[in-house]
Amino acid sequence: MSRLGDMASGVRKTFPGSDLALWAAGATYFGVIGLVPLALASLWAVGAIAGHDTVTAAMEAGISGLPQGHGTPEALRTLTSVALSMSWVQALVVLFPASLYGEGLRRAFVQMSAARDTLTGWRGRAGLLGVAAVAPLLVLAVLVSAPYVGPLYAGTGWSLVWGVVVAFHVVWLAVSTALLGVFGLIGPGHIRPKPLFIGAFGTGAILAGFLQGFVLFLAIPIPWSAPFGGLPIIGAVSALALWLFLLHILVLCGFRVTVVLDEVMRSRAS
């Protein structure tokens with residue numbers, strides 16, 4: 001309890017406060033640039049590992065369990081089709097804009113840590129490439145579960161409940177593993193393994209629940225374009241950017257808690 005108290009006190013005293021929205025907005029901007037290329041590269045690699053037909057079938061199974069509104073099925077099918085049609089040269093090219101996401105995350109993480117940092121942009125990009133190396137395996141794990149989870153999501157009652165439970169744990173493990181790389185490789189300073197593991201999997205649990213909420217958000221039958229005079233592209237981009245912004249707030253908070261937990265554990269060990 002004393003350790004938890006020290007950690008809560010450390011977070012409260014050192015948290016950047018009102019600037020959090022600013023840093024999250026910056027990370028969101030880089031995410032808008034880099035997440036789609038990262039997804040393309042990951043799906044391309046999964047297609048090379050498991051085969052194009054396997055990836056397409058798994059994606060269709062996953063789509064069958066998602067709400068069909070807001071153009072979600074068409075967007076996922078297009079993303080998969082483009083990724084699988086890329087050459088290896090194109091797959092390498094898309095890693096450049098994907099690496100910009102690492103730069104944005106590191107610049108935001110620097111504000112959450114007292115660690116000194118140089119070459120922030122380049123280190124962030126290099127760290128993102130490390131995460132990108134394991135991302136295909138995480139995407140593959142999610143796609144492998146899709147033929148089982150998709151029909152459960154399309155059902156009702158206990159079938160749907162069980163689908164949510166299974167999907168939560170699959171996403172939790174995948175996202176938490178990715179966060180191990182994001183916090184450890186992209187974040188500034190050096191976080192020891194134990195607090196890194198606790199912080200990544202704790203944050204991953206929150207993000208997994210948040211992403212389940214996004215699926216519910218997709219099911220709401222209100223056009224995203226309504227606040228923008230019926231312009232569908234503007235509505236879709238704005239809605240997705242909002243959710244991405246909220247997601248980055250959670251990621252930054254999780255990283256800050258992880259940093260403070262590491263500091264508390266170091267002070268107790270000394």
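Values in this text are rule-based calculations from the coordinates and carry no lab data. Note that the structure is predicted; figures quoted are calculated from it, not measured. Here the Cβ positions follow ideal geometry from the backbone for every residue, glycine too, while neighbour counts run over all protein chains shown.
Please list the non-local residues whose amide H lies under 5 Å from the amide H of G155, H modeled 1.01 Å from N, same-chain partners needing a gap of 5 or more.
none
From the residues A239, W158, F109, which one has its Cα farthest along the dipole of segment 2-269 in the positive direction, the dipole being from +1 and -1 charges on Cβ of Lys/Arg and Asp/Glu about the Cα centre?
Farthest towards the positive pole: F109.
Over the Cα atoms of the chain, what Rg and Dmax result, in angstrom?
Computed over the Cα atoms of the chain, radius of gyration and Dmax are 19.2, 60 Å.
Sum -39500 (n - 2.57) across every DSSP H segment of at least 4 residues in the chain, then divide by the residue count to get the 222 nm mean residue ellipticity, nearest 500.
Mean residue ellipticity at 222 nm (helix-derived): -28500 deg cm²/dmol.
Just to check I understand the Karplus step: with θ = phi - 60° and J = 6.51 cos²θ - 1.76 cosθ + 1.60, what whole-Hz values come out for segment 177-186, glycine and proline as x?
4, 5, 5, 4, x, 5, 6, x, 9, 8
Can you find, among L196, L100, S64, the residue sitting farthest towards the positive end of the charge dipole of the chain, where Lys and Arg contribute +1 and Asp and Glu -1 at Cβ?
L196
Using Cα springs under 10 Å in a Gaussian network model of the chain, which residue among G209, G71, G26 shows the largest mean-square fluctuation?
Of G209, G71, G26, the most mobile in the Gaussian network model is G71.
In debye, nearest 20: dipole of segment 2-269 around its Cα centre with unit charges on the Cβ of K, R (+) and D, E (-)?
Dipole of segment 2-269, to the nearest 20 debye: 880 debye.
Quick one: in segment 134-201, what % of C-alpha pairs are over 13 Å apart? Walk me through the numbers before you get to the answer.
Details: 1519 of 2278 pairs.
When all Cα pairs of segment 134-201 are counted, 67 percent exceed 13 Å.
What does the net charge come to around G189 if you take all other residues with beta carbon closer than 13 Å to its beta carbon, with K and R at +1 and D and E at -1?
So the environment of G189 carries a net charge of +3.
For segment 91-100, in order, what is each residue's ³J(HN,Hα) by Karplus, 6.51 cos²θ - 1.76 cosθ + 1.60 with θ = phi - 60°, in whole Hz (x at glycine and Pro)?
Those phi angles translate into 5, 5, 5, 5, 5, 5, x, 4, 5, 4 Hz.
Against the longest principal axis of the chain, how steep is helix 120-154, in degrees 0 to 90 to the nearest 10, with axes from Cα atoms?
Approximately 50 degrees, to the nearest 10.
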